[in-house]
Amino acid sequence: MQAAPNGPTNPEWYEEGLPHIWLPYAQMKTASAPLAAVKTYGTTLELADGRTLTDGVAAWWTACHGYNHPHIRKAVETQLATMPHIMFGGTVHEPALRLASRLSAMLPGDLERVFFTDSGSVSVEVAMKMAIQYRLNKGQTKRTKMLAFKGGYHGDTLATMAVCDPEEGMHHLYGQALAKHIIAPLPQDEASTAEFYRLLKHHAHEITAIITEPLVQGAGGMLFHTPEVLRILRKAADEHDMLLILDEIFTGFGRTGTLFACEQAGIVPDIITLSKALTGGTMALAATVALRHVFEAFLSDNPEHALMHGPTFMANPLACACANASLDLFEQEPRLEQVQRIQAVLAETLEPCRALPGVKDVRTLGAIGVVELEKIANPDALRQRFIAQGVWIRPFRSIVYLTPAFTIMEQDLRKLTATIYRVLSEQT
Ligand SMILES: *Cc1c(COP(=O)(O)O)cnc(C)c1O
């Protein structure tokens, strides 16, 4: 790893502990040393050496109310004093049941059965298991595959890697070890639509579900598609008796301008997955929510028809208390209007980047702003230049993007976009 940027002021715990840490998505031999963070507030990260960074990423798209929101903190403190955790196998509790009924009420259609897990990847695995067993319980043993999409990302576990983009994704190395699913192009123009239908028809007898991220393929490079694409998928699923799984782990809770991205297409999936902003970025929690007819396929006198899944920390009361507090904030504060304002500022202030050399595209949707370059030779080095300018932005693939907290102050947002413009114009 390259020398720690914190210099001689590195705290003792950093020097002692770092040699024992394995960091995510990092070549540990050459990666820049991580920053020693000691405090967060609002949209600010404070480092051990006293520097502060304006956060443009919101902790991997989760901290939609900013950091340390007092309402969430109070909910956790209260829950911590009462009942931090119990097993969900045989006991239930108010935070989980209230959260389940609130999610059902917020989600479109009859999405009304909530299965809690503790990470996004696992919630996708549960959705896939539901879709597979949905067939098995009906005596259809051959339909075990998913139709997923190029550019897609659904998690890092073995089962979810198999429905990510096989070439572009981060997982092509594991190809041989993964289950085989059908990976199609999203039906966006004549050629891709023809190819999508060709694969759909050819494999229909073995496909149980279509799975996609609605409107934005996030980790695949913040690739946008229109609501019409989702309507095509819903129709195709209906025509071939397939389930439609929408992975709203990134898009859920306002990020694209509506509470859920599928609302913009006016469609309802059979299964939806939620995580990232579910707890306002405070604790690990995810949910897989099924339509009534999916759940009903598991109701039977045969014990083998039960869904055999149950994470140890399923429906953790602290995490559910966070999520309830986060939903309170969506009710009490004008989050969707804030997203509209963010979109307007992002569109206005990122647009000039289009004229910079090496810039391929500039795009915004809701509280997502993207500057796509022809190529970023060294995303890590680019990140260091942003850090030197006092902002926390994490370029990946060929994009520089912002997914700020919805509560970000306009001056901080303008600082982020101005810094992107400045740093990219000094690129050459
Ligand atoms: C982040 C993400 C996941 C994986 O969630 P983890 O909590 O990291 O396991 C899955 N799908 C989408 C769309 C995501 O953005």
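Before we move on, is ASP247 within 12 Å of the ligand (Cβ to nearest atom) and surrounded by 24 or more Cβ atoms within 10 Å (Cβ to Cβ)? It is true that ASP247 is within 12 Å of the ligand (Cβ to nearest atom) and surrounded by 24 or more Cβ atoms within 10 Å (Cβ to Cβ).
The residues on offer are ASN68, ASN137, and the sole one that is at pLDDT 95 or above, of a type outside the set (Asp, Glu) and on the phi > 0 side of the Ramachandran plot is ASN68.
When we screen THR364, THR403, THR417, THR407 for residues that are among the hydroxyl-bearing types (Ser, Thr, Tyr), over 19 Å from LEU53 (Cβ atoms) and crowded, with 17+ Cβ neighbours inside 10 Å, the only hit is THR364. Taking the stretch 171-187 as the range and being within 16 Å of the ligand (Cβ to nearest atom) and within 18 Å of ASP247 (Cα to Cα) as the test, the residues that pass are HIS181, ILE183, LEU186. Considering only residues that are part of a helix (DSSP H, G or I), within 14 Å of MET242 (Cα to Cα) and either within 16 Å of the ligand (Cβ to nearest atom) or in contact with a strand residue (DSSP E or B) (Cβ under 6 Å, 6 or more places away or on another chain) (or both), which ones fall in the stretch 133-160? Hit for the stretch 133-160 is ARG135, nothing else. Are any of the residues in the stretch 264-274 acidic (Asp, Glu), surrounded by fewer than 18 Cβ atoms within 10 Å (Cβ to Cβ) and either assigned to a loop (DSSP other than H, G, I, E, B) or not assigned by the TED database to the domain that holds GLY42 (or both)? There is no residue in the stretch 264-274 that is acidic (Asp, Glu), surrounded by fewer than 18 Cβ atoms within 10 Å (Cβ to Cβ) and either assigned to a loop (DSSP other than H, G, I, E, B) or not assigned by the TED database to the domain that holds GLY42 (or both). Considering the stretch 326-405, the qualifying strands (runs of 3 or more DSSP E), each wholly inside and each with 2 or more residues that are farther than 21 Å from LYS276 by Cβ, among the hydrophobic types (A, V, I, L, M, F, W, C) and at pLDDT 95 or above, run over 359-365, 368-373.
Of the residues making up the stretch 215-244, those that are more than 15 Å from the ligand (Cβ to nearest atom) and part of a loop (DSSP other than H, G, I, E, B) are THR226, HIS240, ASP241, MET242.
For residues that are surrounded by 18 or more Cβ atoms within 10 Å (Cβ to Cβ) and in a helix (DSSP H, G or I), scanning just the stretch 15-68, find the one that is nearest to the ligand (Cβ to nearest atom). In this case the residue turns out to be TRP61. Quick check: anything in the stretch 377-390 in contact with a Gly (Cβ under 6 Å, 6 or more places away or on another chain) and over 21 Å from THR30 (Cβ atoms)? No, the stretch 377-390 has no match at all. Restricting the search to the stretch 260-277, which residues are within 16 Å of the ligand (Cβ to nearest atom) and in contact (Cβ under 8 Å) with a residue 60 or more places away in the chain? Residues satisfying the conditions are PHE260, CYS262, PRO269, ILE271, ILE272, THR273, LEU274, SER275, LYS276, ALA277. Working only within the stretch 303-325, note down all residues that are assigned to a helix (DSSP H, G or I) and either over 19 Å from THR282 (Cα atoms) or small (Gly, Ala, Ser) (or both). Listed by number, the residues that qualify are PRO303, GLU304, HIS305, ALA319, ALA321, ALA323, ALA325.
Checked against (1) closer than 30 Å to MET87 by Cα; (2) buried (at least 16 other Cβ atoms within 10 Å of the Cβ); (3) within 16 Å of the ligand (Cβ to nearest atom), LEU327 meets all criteria but (3). Taking residues in the stretch 232-249 that are of a type in the set (Val, Ile, Thr), and partners anywhere that are away from the ligand (no atom under 16 Å from the Cβ) and modelled with pLDDT of 95 or more, the pairs with Cβ atoms closer than 6 Å and at least 6 places apart or on different chains are ILE232/PRO187. Candidates in the stretch 250-259 are the residues that are buried (at least 24 other Cβ atoms within 10 Å of the Cβ) and of a type outside the set (A, V, I, L, M, F, W, C); of these, the one that is nearest to the ligand (Cβ to nearest atom) is THR251. Scanning the stretch 123-146 finds no residues that are over 27 Å from ALA286 (Cβ atoms), touching a residue at least 12 places away in the same chain (Cβ under 8 Å) and crowded, with 18+ Cβ neighbours inside 10 Å.
Go through the stretch 86-105 and give me each residue that's within 15 Å of GLY310 (Cα to Cα) and not in a helix (DSSP H, G or I). Listed by number, the residues that qualify are ILE86, MET87, PHE88, GLY89, GLY90, THR91, VAL92.
The values are calculated or read from the model by the stated rules, or taken from the named source; none is laboratory data. This is a predicted model, so every value here is computed, not measured. Please note: Cβ atoms are built from the backbone with ideal geometry, for glycine as well, and neighbour counts cover all protein chains shown.
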